[in-house]
Every structure is written in structure tokens, then in C-alpha cells.
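The values are calculated or read from the model by the stated rules, or taken from the named source; none is laboratory data. Every value quoted in this text rests on a predicted model; they were computed, and no experiment measured them. Cβ placement follows ideal geometry from the backbone for every residue including glycine, while neighbour counts extend to all protein chains displayed.
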Amino acid sequence: MNNKHNLILKEAKNSDIIFEDMQKQFPPEELKDFNTFKKLLNTPDYKLFVLEDNSRLTGYLIFLEDKQSKTIWIDYVAILKEYHGCGFGSEIFHIAKNTFKDLKGCYLEVEKQNPDDINTLRRIKFYTRLGAKKLDVDYIYPNKTGGLPMDLYFMPFDETYFPSKEDMMQAINHTFSYLHSDIKNTKEIFSKIK
């Protein structure tokens, strides 16, 4: 980043602008409804951080902190469209890694590679360039239509740690019970993950 940028990542509570942007940037099958989103933000472990450049909102990181495993599960991460291509995507992860340096790393749900959709290929390349590794699991994202097959990645903050299969399954189970408690079939979906 050039020296004209003054980026900070800070916790925020005002979610209306963020929720509005999420509607534009994420597929409907990956979105929570507004009431569920607000309810989660009022819990202690679901956090909204915003990326600002000279006090201008440029992006956001929304995640579940799993205190037991000392990891975070990224629920949503995005850079506002007008700032795409400015390097803020890489920066939000670099700053997060420094901000949460006491944690072992983060889990990322990533759309499966689709050669007909260049954006899926770009996202995968972006995350792997930042150090994320695809986990060996048939992952399903719980949603109100039954579940969406996705890939699960892990990006270490502590380079000495990588989750075992048991660690990963515990993290998925914790995430499902916390983030997706409004979805009726999470237990059934969890049982299909191998």
C-alpha cells in the first residue's frame, strides 16, 4: 500500500450500511436475514470489524471467535465495490493477522471452483496466495434451502498450527450451533460432512 493510506481495522456496532452492502456482494443463499444478523451481533463472540482508510469505510470482516479452539470463523469478508482493486483485500487479512495474533488462524468458507465463473477462480487464488489451505473435507454450508456445497479453507495466523481433522470437526460443530441455530437441519447437514 502506498503511504496515502491510513488503514485501521476496528470493531463496530453499526451494521445497517454493512448489511446493505452484503445484499449486493453475496449470493442470497449465503446470507442471513437481518433479524438473525442483528441477533448474532448482540452476542459476545460474533464480531463486526470495519476496515477504514482515513476514516472512510472501505471493507468489513464479520466473524465468530471460537475461544476454545483459539480460531475465528469468517462469516463474511468484503471490500466495498468502489475500493476493489486497491489492495484492501490483502490488507484486511494482513491487519487481521496482526490484530488477532494470539489466535491460531481463521476458517474460510469458499465457493467451489467453477471454470465458468472466473470469480470463483480469483477468490481461490487470492486466499491461497495469502496462505490459506484447502481442508480435506466435504463441507456443506447450512442454509434455509437445505445446504450449499462449499470448500473449507484454513489460514494460519500461528505458522506452527494447522487443524487436525478432530479440531476441524469441532470447529464446524461449534460454528453450526452458534451461527446457524436458526436453520432446522444443521444436525443432518453436519452428519453428511466427512
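Residue-level check: of (1) farther than 22 Å from residue 28 by Cβ; (2) buried (at least 18 other Cβ atoms within 10 Å of the Cβ); (3) free of Cβ contacts under 8 Å to residues at least 60 places away in the same chain, residue 60 misses just (1).
Across segment 1-12, which residue is modelled with the highest pLDDT among those that are farther than 18 Å from residue 77 by Cβ and exposed (fewer than 13 other Cβ atoms within 10 Å of the Cβ)? So the residue we want is 6. Restricting attention to segment 158-181, the residues that are of a type in the set (Ser, Thr, Tyr) and under 19 Å from residue 144 (Cα atoms) total 4. For residue 163, the conditions (1) under 20 Å from residue 48 (Cα atoms); (2) of a type outside the set (Gly, Ala, Ser); (3) modelled with pLDDT of 95 or more all hold with the exception of (1). Scanning segment 129-172 for residues that are surrounded by 15 or more Cβ atoms within 10 Å (Cβ to Cβ), among the polar types (S, T, N, Q) and closer than 19 Å to residue 26 by Cβ yields a single hit, 143.
Determine whether segment 75-89 contains at least one residue that is closer than 19 Å to residue 174 by Cα and in contact with a Lys or Arg (Cβ under 7 Å, 6 or more places away or on another chain). Scanning segment 75-89 turns up no residue that is closer than 19 Å to residue 174 by Cα and in contact with a Lys or Arg (Cβ under 7 Å, 6 or more places away or on another chain). Being within 24 Å of residue 60 (Cβ to Cβ), in a loop (DSSP other than H, G, I, E, B), in contact with a Phe, Trp or Tyr (Cβ under 8 Å, 6 or more places away or on another chain) and without any contact (Cβ under 8 Å) to a residue 40 or more places away in the chain is a condition met by no residue of segment 149-162.
Residues checked against (1) under 21 Å from residue 158 (Cα atoms); (2) among the hydroxyl-bearing types (Ser, Thr, Tyr); (3) surrounded by 13 or more Cβ atoms within 10 Å (Cβ to Cβ); (4) in contact (Cβ under 8 Å) with a residue 60 or more places away in the chain:
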residue	(1), (2), (3), (4)
23	no, no, no, no
35	no, no, no, no
42	no, no, no, no
45	yes, no, yes, yes
51	no, no, yes, no
66	yes, no, yes, yes
98	yes, no, no, no
127	yes, yes, yes, no
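Counting only strands (runs of 3 or more DSSP E) that sit wholly inside segment 56-146, those with at least 3 residues that are over 25 Å from residue 160 (Cα atoms) and touching a helix residue (DSSP H, G or I) at 6+ places or on another chain (Cβ under 7 Å) are 56-66, 71-79. Only one of 109, 188 is out of contact with any Pro (no Cβ under 7 Å at 6 or more places or on another chain), under 20 Å from residue 77 (Cα atoms) and of a type outside the set (A, V, I, L, M). Can you tell me which? Just one listed residue meets the conditions, 109. Could you tell me which residue of segment 175-189 is surrounded by the fewest Cβ atoms within 10 Å (Cβ to Cβ), considering only residues that are within 20 Å of residue 106 (Cβ to Cβ) and touching a Phe, Trp or Tyr at 6+ places or on another chain (Cβ under 8 Å)? Going through the qualifying residues, I end up with 178. Residues satisfying the criterion are absent from segment 5-22 (criterion: polar (S, T, N, Q), over 22 Å from residue 87 (Cα atoms) and not in a loop (DSSP other than H, G, I, E, B)).
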